[in-house]
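Here the structure comes first, spelled out in structure tokens, and everything after it is commentary.
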Amino acid sequence: MTSVFAHIIGGAVNISERQVAAVLALLDEGATIPFIARYRKEKTGSLDEVQIAAIQAQYTKLQELAKRKETIYARLEELGNTDADLRKRIEDCWDATELEDIYLPYKPHRKTRADAAIERGLLPLAEEILKQRPMRLPSNEEDLQGARDIIAQRIAEDERSRNAIRREFSYTALLTTKAVKGKCDSPEALNYKDYFDFKCPLKHIKSHQLLAIRRAETEGYIRVDISPDTEKALDKLANLWLRADNDTAYQVELAMEDGYKRLLKPAIETEFAALSKEKADAQAIHVFVDNLRQLLLAAPLGQKRVLALDPGFRTGCKTVVLNEQGDLLLHDVIFLHNLQSTEKLRGLIEQYKIEAIAIGNGTASRETETLARTVVESLKLKVESVPQIYVVSEAGASVYSASPIAREEFPDEDVTVRGAVSIGRRLIDPLAELVKIDPKSIGVGQYQHDVNQTELKQSLQQTVESVVNYVGVDVNTASKHLLTYISGLGPTLAQSIVDYRAEHGAFKARKELLKVPKLGAKTYEQAAGFLRLKGANPLDNSAVHPESYSIVEKMAKDQGCTVAELIEKKELRDQIDLNRYVTDSIGIPTLTDIMKELAQPGRDPRGETEAFAFDESVHTIDDLKPGMVLPGIVTNISAFGAFVDLGVHKDGLVHISEMSNRRVSSPSEVVKLHQHVMVRVVSVDRVRGRIQLSLRQLNR
């Protein structure tokens, strides 16, 4: 079966059968996608994570299809059907749509008009009429209708008919919408005004349009129809079923038209509605995944003492002080426009030697930022260095603060303190903090509640796992939540590592992980390369896998130096001929990765964070005027554009047509999440709170 799967998947994803077979074997052994991509390049031909994930997705579908076949076989046995040709067709079929077409005549269903006609003994009449030879037709209209019902169902269930209508849907299907009377006058309905009377060829409709239409339909504001060219569809059926020009053929024609309208067209419409939704879901999930990856890879500030402010007017700004490790030292409340609060803030900065200030980007963010800058300016004459100020996205902070994870971390603190801590920790290390939050709550996607939730969850889970393993984590400082995503671990082993660390102290070497209860050799193989620690062996703080330590040690020995000296001195590494170290299991791809890692062991690939300031003359949407050029932060990216925070409590939209002076097929070609950009204000709709922005001419 594996060889069959490898052949089918290779064709579907355009990857050689040999490479696919290697990936399937590794997956069956329990290897994870990050591990396969990073440490098994020789086996897979250096496939990346995206390619391996595509293979895994196809593999899962084929396994599900195999299970479906078992269900069909069982049904046929119940019916006493022993048709060898039918079973061979099912066995050879690996297309879900084709399989269901084969099974359709035998599939359990509610009693139909055709079933009732068969019970009345009209099947022989229907079969005679289908031959379309001249014959004496019954004068009883009920008998004729019953025969036509049988013929209509047979035509509708025939594979040739279904494939012909599918082709017509593919070429000519038109999606149309109509507003539901009495439902389209509410304020909520106006969000879907563009789709009250909408037409678009189904093959050309955009992902975000389809998802918006489906949401509007679900909420009862519009009705949706997907139909091909009816005349062409009936012509296709006529070519298959009409073979004469007489009264008998006319009965077949009537049955054909009825079967198309009543049975076949609704069935294929449902099928295409599902397929188009599946395609739209895939595109929306792709955008969400891309955004999430960018967000998780946001540059960390690093281990600095941070003062975090969760802005607020009425209840004040919740203020927390965090040490370099993100531990809570103090929490308090300050109120804007209060002299005592200014003094309190200044005192906290001096007392705790604050190195950075993190301010949430919610309500009162600009006012809080102004207060913080005033305080920092007043300190410039008193201290050698003043803290930098950073505006931090607080999307999902409230979700975290009420979660079991937050209650476990801060059982004695309320949700406001936990939320402020989350804001501060996001500045220190965004990845370590954001893995605690359901990705759907982070606010970097669109229509996340409308797409297939199973597919979304799996894709987001894979993305988080990919990023965590790409960055790597310090096994001696990482939380169990971060360790959970390390290749091969999961929640139970992550907790075991934390418990072992608490009991025995910091790990001194990677191989000590084998002492952790329930962490066996296979798990160690999967996880070790992604776990870092500063110990006696410098390779333990790199992405070099322990299975390759002996090769690095041989390289060092051949150069007459230690491993540490090999890492330190580029001239020694430059003298190495990698071909000398090729073995049956390790080739040039892995050796090249090892050399890159020796050049920068333990390097954080996320870069460095940058401070940012909004335009001081702009605080609300009323301050905006067309033509203004302002600094902003990209907060979200969709298929149709990017949203930018200008510091006015309402994000503006840079439509894809305004992204660049050149044609852009995807906004991600031009901008990245949390990128600092300069944008031009195109228009401001204060009534609807909409801001149109442009990057054109500013981005040549």
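Read the figures in this text as sums done on the coordinates, not as results from a lab. As the structure is a computational prediction, the values presented were derived from the model and not from experiment. Cβ: placed from backbone, ideal geometry, glycine included. Neighbour counts: every protein chain shown.
Multiplying each eigenvalue of the alpha-carbon gyration tensor of the chain by 5 and taking the square root yields semi-axes of 57, 37, 22 Å, largest first, rounded to whole angstroms.
Length, then width, then depth: along the principal axes, the Cα atoms of segment 306-470 run 55, 34, 30 Å.
Do any trypsin sites (Lys or Arg not before Pro) in segment 224-268 lie in a DSSP loop with no more than 14 other beta carbon atoms within 10 Å, and if so, which?
Sparse-neighbourhood loop trypsin sites (Lys or Arg not before Pro): 243.
The value of relative contact order for the chain, using C-alpha pairs under 8 Å at least six residues apart, is 10 percent. Net charge in the neighbourhood of residue 535 (other residues with Cβ under 12 Å of its Cβ; Lys, Arg +1, Asp, Glu -1) is +2.
Among the GluC sites (Glu not before Pro) in segment 309-356, those placed in a DSSP loop whose Cβ has at most 13 other Cβ atoms within 10 Å are 324.
Remark: segment 456-466, residue by residue, has Karplus-estimated 3J(HN,Hα) of 4, 4, 5, 5, 5, 4, 4, 5, 4, 4, 4 Hz, where x stands for each Gly or Pro and the curve is 6.51 cos²θ - 1.76 cosθ + 1.60 at θ = phi - 60°.
Using Cβ point charges alone (K and R +1, D and E -1), the dipole size of segment 483-599 about the Cα centre works out to roughly 300 debye.
Among residues other than residue 614 whose Cβ falls under 9 Å from its Cβ, what is the net charge (Lys/Arg +1, Asp/Glu -1)? Value of the local net charge: -3. The slack in the chain from residue 453 to residue 515, taken as 0.36 nm per residue of separation less the alpha-carbon distance, amounts to 18.5 nm.
Under the criterion of Cα pairs below 8 Å and six or more residues apart, the relative contact order for segment 337-481 equals 20 percent.
Exceedance of the 20 Å cut-off in Cα-Cα distance is limited, within the set 203/440; 43/69; 279/457, to 203/440; 43/69. As a proxy for reagent exposure, ranking 310, 258, 95 by other Cβ atoms within 10 Å from fewest up yields 95, 258, 310. Here the Karplus relation 6.51 cos²θ - 1.76 cosθ + 1.60, evaluated at θ = phi - 60°, turns the backbone of segment 217-227 into coupling constants of 5, 4, 7, x, 8, 9, 10, 10, 9, 10, 9 Hz, with x for every Gly and Pro. The trypsin sites (Lys or Arg not before Pro) of segment 538-643 meeting both criteria, a DSSP state outside H, G, I, E and B (loop) and at most 16 other C-beta atoms within 10 angstrom of the site's C-beta, are 569, 603. Using θ = phi - 60° in the Karplus curve 6.51 cos²θ - 1.76 cosθ + 1.60, the 3J(HN,Hα) couplings for segment 252-261 round to 5, 5, 4, 5, 4, 5, 5, x, 5, 5 Hz; x is entered for Gly and Pro. Looking at segment 306-470 alone, DSSP beta bridges between its own residues are antiparallel in about 55 percent of cases.
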